[in-house]
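Sharing a structure, written as structure tokens. Questions coming.
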Amino acid sequence: MKTRIAIIDDHQLFREGIKRILEFEEEFEVVADGADGSEVLSIVEQYRPDIVLMDINMPNINGVEATKQLVETYPETKVVVLSIHDDENYVMRALQTGATGYLLKEMDADTLIEAVKVVAEGGSYLHPKVAHNLIREYRRLASGKDESKIRKQEVRRPLHLLTRRECEVLQLLADGKSNRGIGEALYISEKTVKNHVSNILQKLNVNDRTQAVVVAIKNGWVEVR
């Protein structure tokens, strides 16, 4: 079964570029596209996509409002927001209305593909830069301390749960690295990175990489830098 995808964005060239990237993957099928949030419900009713890639800034009905309507009407359809904004207020609004993912339009093709696969498999996905910003803000608010003091906190690697290599991967996840970025930093293949990430999720009993990093921060297993 292919993952059925609809793309909603008011820039035609961007839609076409996203479509070409996704259709290089055999397990994806782009079934529809639209230019405005007002089209979302009719597109989903007609084409029944599994995932909707939703631009956040659109005329008439913006992506946040369209996501809210879509999730209320078709809760089985998952929404990944596409945005130029990495501000946590935009991210939280999108997630609170029911989005399962949040991607910045500066993403590369690998990040787009990875995000769609994760969401299709039941997880959630935040662009690495967005996740890093949210995590830093969470850590700052939770600690009630300034950034310089946070950096000085002792890090206790979870060697009772993870291998040393998995600890390195977890730290790079917290740094906001994509799978490709982790592979380049550790001189390993993306496939090996994916295996390490999968093992980390299983061992920490979480569903996605963002949850893994939040757990790691709560326990002092990674450095926020």
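May I ask you to give the percent of accessible area on the chain that is carbon plus sulfur, with a probe radius of 1.4 Å? Walk me through the numbers before you get to the answer.
On the way: 5320 of 11480 Å².
Carbon plus sulfur share of accessible area: 46 percent.
I'd like the orientation of helix 63-73 relative to the chain: the angle between its Cα long axis and the longest Cα principal axis, in ° from 0 to 90, rounded to 10.
Approximately 80 degrees, to the nearest ten.
Next question, about the same structure. Averaging sequence separations of C-alpha pairs under 8 Å and six or more residues apart, then dividing by the length of the chain, give the relative contact order as a whole percent.
About 14 percent, as a whole number.
Then there's this: Taking 7 Å along the Cα-to-C-beta vector as the label spot, tell me the residue 165-residue 223 distance in nanometres, rounded to one decimal.
Roughly 2.3 nm, to one decimal.
Let me ask something additional. Cut-off 20 Å, label point 7 angstrom out along Cα-to-Cβ of residue 57: give me the residues of segment 1-45 whose amide nitrogen falls inside.
From segment 1-45, the list is 7-18, 34-39.
Something else: Does anyone have the angle between helix 12-22 and the longest principal axis of the chain? Alpha-carbon axes, 0 to 90°, nearest 10?
60
Next up: Would you please give the residues with an amide H less than 5 Å from that of residue 79, counting only those at least 5 places away or on a separate chain, with H modeled from the backbone geometry?
52, 100, 101
Right, next: Using the structure shown, select from 78/177; 105/177; 105/203; 129/218; 78/203; 68/218 the pairs with a Cα to Cα distance greater than 21 angstrom. The partial results should precede the final answer.
Numbers: 78/177 24 Å; 105/177 16 Å; 105/203 32 Å; 129/218 19 Å; 78/203 26 Å; 68/218 30 Å.
Result: 78/177; 105/203; 78/203; 68/218 exceed 21 Å.
Could I ask something else about it? List the GluC sites (Glu not before Pro) within segment 1-69 that fall in a DSSP loop (any state other than H, G, I, E or B) and whose Cβ has at most 16 other Cβ atoms within 10 Å. Don't skip to the answer; put the middle values down first.
On the way: sites: 16, 23, 25, 26, 27, 29, 39, 45, 65; in loops: 23, 25, 26, 27.
Listed in order of number, the matching sites are 23, 25, 26, 27.
With a probe of 1.4 Å, find how much accessible area the chain has per residue, and write the answer as a whole number in Å².
Details: 11480 Å² over 225 residues.
About 51 Å² of surface per residue is accessible.
I want the local charge near residue 157. Using Cβ-Cβ distances under 11 Å, sum +1 for each Lys or Arg and -1 for each Asp or Glu among the other residues.
In short, -2.
Hey, could you get me the Stokes-Einstein D for segment 1-127, Kirkwood radius over alpha-carbon pairs, 37 °C and 0.692 mPa s, rounded to whole µm² s⁻¹? Don't jump to the answer; show the numbers that get you there.
Details: Rh = 14.0 Å.
After rounding, the answer is 235 µm²/s.
Find how much the distance from residue 1 to residue 87 grows on full extension, using 0.36 nm per residue of separation minus their present alpha carbon separation; answer in nm with one decimal. Walk me through the numbers on the way to the answer.
Working: separation 86, 0.36 × 86 = 30.96 nm, distance 3.58 nm.
Length gained, residue 1 through residue 87: 27.4 nm.
Let me ask you something else. With Kirkwood's inverse mean 1/r over C-alpha pairs for Rh, give me the Rg to Rh ratio of the chain, two decimals please. List each step's numbers first, then the result.
Values: Rg = 18.0 Å, Rh = 18.2 Å.
Taking Rg over the Kirkwood Rh, I get 0.99.
Another question, then. Relative to the first principal axis of the alpha-carbon coordinates of the chain, what is the inclination of helix 164-174, with its axis defined by its Cα atoms, in degrees from 0 to 90 and to the nearest 10?
50
The values are calculated or read from the model by the stated rules, or taken from the named source; none is laboratory data. As the structure is a computational prediction, the values presented were derived from the model and not from experiment. Counting neighbours? That spans all protein chains shown, and the Cβs are built from the backbone with ideal geometry, glycine included. Areas reflect the complete protein model, heavy atoms only, side chains present, ligands, DNA and RNA absent. Shrake-Rupley method; radii C 1.70, N 1.55, O 1.52, S 1.80 Å.
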